[in-house]
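In what follows, a single structure is set out as structure tokens and then discussed.
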Amino acid sequence: MGKIQIKRGLAKNLPQNASIAELLYTSDDKRLFIGNGENADLTEFKNANQIQELLNGKANSVHSHPSTDIDDFASAVDNRINLKKGVANGLATLDSNGKIPVVQIPTEFKEAAVVNNISARDALNAFTGLHALVIDATADNTVETGGAEYVYNGTAWVKVSELNDLDAVITWENILNKPYFVQKITDLTDTPNTLSEQGGKVLAVNSAGTAIEFVSVYTGDIDGGSF
């Protein structure tokens, strides 16, 4: 049986184009091409090894580009930011003082009510997080006198504090962790621990220079000497 040989030659002699479906083979570098018609470039076939070599030369799937590689990056970012400013699920903005405008702060973080009594509190259009200061909260059976502060938890008002005056009388002895003050000389470190039988004596540093001790006052004569 005979064999079929396709058009072949050296790579330097490879034509730029060929008839549609015409096969060409470069015998020196062993590449296979197919024609795409007149004025159309040839298509080169690649085997598995050649495809892998091409893939090895590609960038990794995880990589980065500086913003300068992206056409009009700054404008695109600015437009996206402007689109999300001050809208739901978007970005909070800052006013001329560098603060978030009040209109962009959720009501539970900015609103509180001051009312005269419990009935007025209950008449409020409450939402979760609303604080209410009730001037006279005695209708609440947990409040004896005065007012109280409440917060609405979504289903009920919860008392967080009362406004009753608190007068407390505390003696010095009942204060915990108070500073220590020396009240008598015998409480000092390195001094005699009693004054008993020390009448008429004075305190002086001992000869070793390590503590203070009581010494008797000299009562003898003092002679200045002669010359």
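What pairs can you find where one residue is in the range 37-52 and free of Cβ contacts under 8 Å to residues at least 12 places away in the same chain and farther than 16 Å from Leu24 by Cα, the other is surrounded by 10 or more Cβ atoms within 10 Å (Cβ to Cβ) and of a type outside the set (Ser, Thr, Tyr), and their Cβ atoms are less than 6 Å apart, with a gap of 6+ or different chains?
none
Name the residue that is modelled with the highest pLDDT, counting only residues in the range 65-114 that are part of a strand (DSSP E or B) and not charged (D, E, K, R). Write out each step before concluding.
Just the residues of the range 65-114 that are part of a strand (DSSP E or B), to begin with: 85, 91, 112-114.
From what is left, the residues that are not charged (D, E, K, R) are 91, 112-114.
On the way: Leu91: 85, Ala112: 86, Ala113: 90, Val114: 93.
Taking the candidates together, the pick is Val114.
Give just the number: which of (1) assigned to a helix (DSSP H, G or I); (2) at pLDDT below 85 does Ile4 not satisfy?
Ile4 satisfies all of (1) assigned to a helix (DSSP H, G or I); (2) at pLDDT below 85 except (1).
With the structure loaded, tell me whether Lys84 is among the charged types (D, E, K, R), surrounded by 10 or more Cβ atoms within 10 Å (Cβ to Cβ) and over 28 Å from the mean Cα position of the chain (by Cα) or whether it fails that test.
no
In the range 24-41, what residues are outside any loop (DSSP other than H, G, I, E, B) and in contact with a helix residue (DSSP H, G or I) (Cβ under 8 Å, 6 or more places away or on another chain)? Steps first, answer last, please.
The first filter runs over the range 24-41 and keeps only residues outside any loop (DSSP other than H, G, I, E, B), leaving 24-26, 31-34.
Of everything in the range 24-41, those that are outside any loop (DSSP other than H, G, I, E, B) and in contact with a helix residue (DSSP H, G or I) (Cβ under 8 Å, 6 or more places away or on another chain) turn out to be Thr26, Arg31.
For the range 128-140, name all the residues that are at pLDDT below 90 and in contact with a Gly (Cβ under 8 Å, 6 or more places away or on another chain).
Thr128 - this is the single residue of the range 128-140 that is at pLDDT below 90 and in contact with a Gly (Cβ under 8 Å, 6 or more places away or on another chain).
Within the range 20-60, take every residue that is at pLDDT 90 or above and of a type in the set (S, T, N, Q) and give me the one that is farthest from the chain's Cα centre (by Cα).
Step by step, filter the range 20-60, then rank; the result is Ser27.
Within the set of pairs 6+ apart or on separate chains, which have a first residue in the range 106-118 that is closer than 29 Å to Gly90 by Cα, a second that is of a type in the set (Ser, Thr, Tyr) and at pLDDT below 90, and C-beta atoms under 7 Å apart?
From the range 106-118, the pairs are Glu108/Thr128.
Anything in the range 136-166 that is in a strand (DSSP E or B), surrounded by 14 or more Cβ atoms within 10 Å (Cβ to Cβ) and either out of contact with any Asp or Glu (no Cβ under 6 Å at 6 or more places or on another chain) or in the same structural domain as Pro101 (by TED's automatic domain parsing) (or both)? List them, or say none.
Correct list: Asp136, Glu149, Tyr150, Val151, Tyr152, Trp157, Lys159, Glu162.
The values are calculated or read from the model by the stated rules, or taken from the named source; none is laboratory data. Predicted model, so just to flag it, every value in this text is computed and none were measured. No Cβ is skipped: glycine too gets one built from the backbone with ideal geometry, and neighbour counts run over all protein chains shown.
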